[in-house]
Amino acid sequence: MKPKLRVENVYKIFGEHPEQALDGLKQNKTKIEIFEETGQTVGVQDVSFDVHEGEIFVVMGLSGSGKSTLVRTLNGLIPPTYGKILIDEDDVANCSAERLRKVRREKITMVFQHFALFPHKTVAENAAYGLKIKGEGAASRRAKALAALEQVGLAAYADSYPDELSGGMQQRVGLARGLATDPQILLMDEPFGALDPLIRREMQEELLHLQKKLKKTIIFITHDLNEALLLGDKIAIMKDGRFVQVGTAQEIVDNPADDYVAAFVGDIDRGRVFDAAHVAERPITVELGERNAAEKALDLMEEHNRNALYVVEEDRIAGLVTYQELAVAAREEGRTDLSEVLVTEVPTVSRDTPLNELYGAASAGYPIAVADKRGRLAGVIEPQAVFSQLSGEENEEAQPTTDETEASSAQKGERQ
Amino acid sequence: MISPADLVQIPLDDWVNSFVRDFLVPNFRPFFRAMQTPVTAVLGWLDAFFHWLPMLVFTAGLTLIAWRTAGRGVAVFTLIALAFIDMIGLWSETMTTLSMIITSVLFCAIIGIPLGIWSARSDRVLFIVRPILDIMQTIPSFVYLVPIVMLFGVGMVPGIIATIIFALPPIIRLTNLGIRNVRGDLIEAAEAFGSTRWQMLWEVQFPLALRTIMAGLNQTLMLALSMVVIAALIGAGGLGLTVYTGLGRLNVGAATAGGIGIVLLAIILDRITQSLGEKKAVHTPSLWQTLRSMFALGKPGDEEKAGKAA
């Protein structure tokens, strides 16, 4: 699939002589060395990434990492010194002012950290700003602005002024302003950074909720790794103007690229990052109606060193049997029917259930069934796999990913 | 003692004399005369209007404006002050002075606001404009009265031109300041949504700078009033002339009366224009809203509620 936004080797160097800084970068000098030698400030260095339609791409970094500069190059607020930024066919980095304006009006909008609402305009006029700039008529832009405000739950405040609203509400207006022109790409520069934690959480949930409906391509800037992990389909960790790692939340937490990333990952809530699919194993099952099902079940459990096993009936999950009960039943009554010892009340979760919702199920001691959309058994989670994943110790068997040894050694290193 | 003057003497006065007399006056006099035309037209119209308007109608009108913009206290003051001016027999002179002041301020705004906007947008323009403004504000006004008389002649219009030169700097400075002080993130937001430079100016910068610009307008108005007497030296009429002739004839009574007239007019205009700038401290009203609120019916503050309800 063709990416919606493609960034190729973008550099931003502040100063009169960027080529000097570029030479310095080629010689692997640090930002500080380059500044001392040439007086040039490196904002962004050699950043490339693709964002596909409907994806949330999060750029996470501390202040001074160049993330705000990077996001401003994407809509040309800060023109990059070198590199290409392709939105569909338009190279935003090298196009006429006219063309750039057209792209900004039609394809890409922005939500700002400190809201940047116009204090002399009402909420509805703020939301309609992009439409007014495009030259839409008063009636249609008001209708669209109200529709956008409706999406963020603020239609009732259409005729208030921004300073009459709380911070969270103001940022909803900022979001409505960004959505009103129906852009394909939404740039969000630390949009929730100025909000208090409870409101921030609420806004994050709401953004995810909206995104399910709207399917915009979102570039989201944050300094909060938890926020990045929660929102990002893909996350880039930025340091000194450069991406140190790009990957999904799970890849980054599982497998930090270097000590810098590992230090961040150290104290995040792993239960929110990983989902059931991540710790699930291929199910070992017996068919309910099979001949010698009970014996087969006992054999399988012995072979795989398990104390419980799922039983399926055609595609459906029938329940589970434990080794203990099955063994007792077999010893006392000889050959037995599986259905007599079948536990039918089994914990069942879907593939994308986060681990922190599995604690209850896991503490029952039974393996947890992972069902796919059609209710078939897609995997089984051993309770201890949940907790070892949470504690950051790799369960070798449960890990489908490669490079495990490297990842676990990195994590162990960080723990010392 | 030896001094530099023994070595070189610079005949600066001769140079300036020959520059103005032999170059500017013969070559550019028609040009400067032509520059007067719009000023003459506006002044003529305003002067005729204010002299045609009956005293009571004018007083009622200005009192209403004062009440709508600055509140009851200023309205009462306006009423009493205007009645007093009429009673001391200076109504006609006051109207002449008022039309001169309004003409000067109007041209100051027409020249100064665009120039202020331009210097806010370009550091290079500001670099050139700023020292010129410094000179305009420090040079004694008597210095430029002479070339003005030579180029424009004597009378009301040259007086107004001298007033414009004197009163222009604050509106340029404060327009520049107001526009430069608009929050950077608002500019960025306007840009991110694809505004052109004009849209940015009209939608964001100008409305947000309006309070500061109004403060500049108020300063310009006050400076224009302070030029009234000096302009009378080159033939401008009105209250300034009353003071000037009082000075010439040592008629302390007439000079005092003229002076009081100027002060009263200054207080009224200052209070009204100040309140225009300060009103609705949070939501800067647009120019249109400001004008409309001046003529809308109802008490001050009403339109704010009405605006919210609408």
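The values are calculated or read from the model by the stated rules, or taken from the named source; none is laboratory data. This is a predicted model, so every value here is computed, not measured. A quick note on method: Cβ atoms are made from the backbone with ideal geometry, for glycine too, and the neighbour counts reach across all protein chains shown. Protein only, heavy atoms only, side chains kept; ligands, DNA and RNA dropped before computing areas. Shrake-Rupley method; radii C 1.70, N 1.55, O 1.52, S 1.80 Å.
Each of residue A:325 and residue B:250 was given a label point 7 Å from its Cα along the Cα-to-Cβ line. The distance between the two points is 12.7 nm. With an a/c value of 1.5 or above and a/b not larger than b/c for the gyration tensor axes a ≥ b ≥ c computed over the alpha-carbon atoms, the range B:28-296 is described as oblate.
On a full-extension model of 0.36 nm per residue, what is the gain between residue A:213 and residue A:63, subtracting their alpha-carbon distance, rounded to one decimal in nm? All intermediate terms of the calculation are to be shown ahead of the outcome.
Values: separation 150, 0.36 × 150 = 54.00 nm, distance 3.18 nm.
Roughly 50.8 nm would be gained on extension.
GNM remark for chain B: springs join alpha carbons under 10 Å apart, and the peak mean-square fluctuation among B:232, B:254, B:34 falls on B:34.
Reducing the range B:90-135 and the range A:204-276 to their Cα centroids gives an inter-centroid distance of 56 Å.
Taking amide H as placed 1.01 Å from N in the peptide plane, the amide H of residue A:245 sits under 5 Å from that of A:237, each at least 5 places away or on another chain.
When Rg and the Kirkwood Rh are both derived from Cα coordinates, the Rg/Rh ratio for the protein assembly as shown amounts to 1.19. Taken as Cα centroids, the range A:147-163 and the range A:21-93 sit 35 Å apart, rounded to the nearest whole angstrom. Peptide A:118-127 shows a mean partner chain C-beta count of 4 within 10 Å per residue C-beta.
Rounded to the nearest 20, the size of the Cβ-charge dipole of the range B:28-296 about its Cα centre is 160 debye, with Lys and Arg at +1 and Asp and Glu at -1.
Computed from phi, the 3J(HN,Hα) profile of the range A:275-280 under the Karplus parametrisation 6.51, -1.76, 1.60 (θ = phi - 60°) reads 10, 4, 4, 5, 9, 6 Hz, with x in place of Gly and Pro. Could you tell me whether the range A:5-274 comes out rounded, prolate or oblate from its Cα gyration tensor? Rule is a ≥ b ≥ c as square roots of the eigenvalues, rounded for a/c under 1.5, then prolate if a/b exceeds b/c, otherwise oblate. Oblate, because a/c is 1.5 or more while a/b does not exceed b/c. Label the range A:114-161 by shape, choosing from rounded, prolate and oblate, from the square roots a ≥ b ≥ c of the eigenvalues of the Cα gyration tensor; if a/c is under 1.5 it is rounded, and otherwise prolate applies when a/b is larger than b/c, oblate when it is not. Here the range A:114-161 falls in the oblate category. The amide H of residue A:158, built 1.01 Å from its N in the peptide plane, has no neighbour under 5 Å, considering only residues 5 or more places off or on other chains. With the cut-off at 18 Å, tell me which of the pairs A:102/A:213; A:102/A:215; A:26/A:234; A:12/A:67; A:213/A:373 have Cα atoms farther apart than that. Pairs exceeding the cut-off: A:102/A:213; A:102/A:215; A:26/A:234; A:213/A:373. Take residue A:101: with every protein chain present and a 1.4 Å probe, its accessible area is about 60 Å². Rounded to the nearest 10 square angstrom, residue A:251 shows an accessible area of 100 square angstrom against a 1.4 Å probe.
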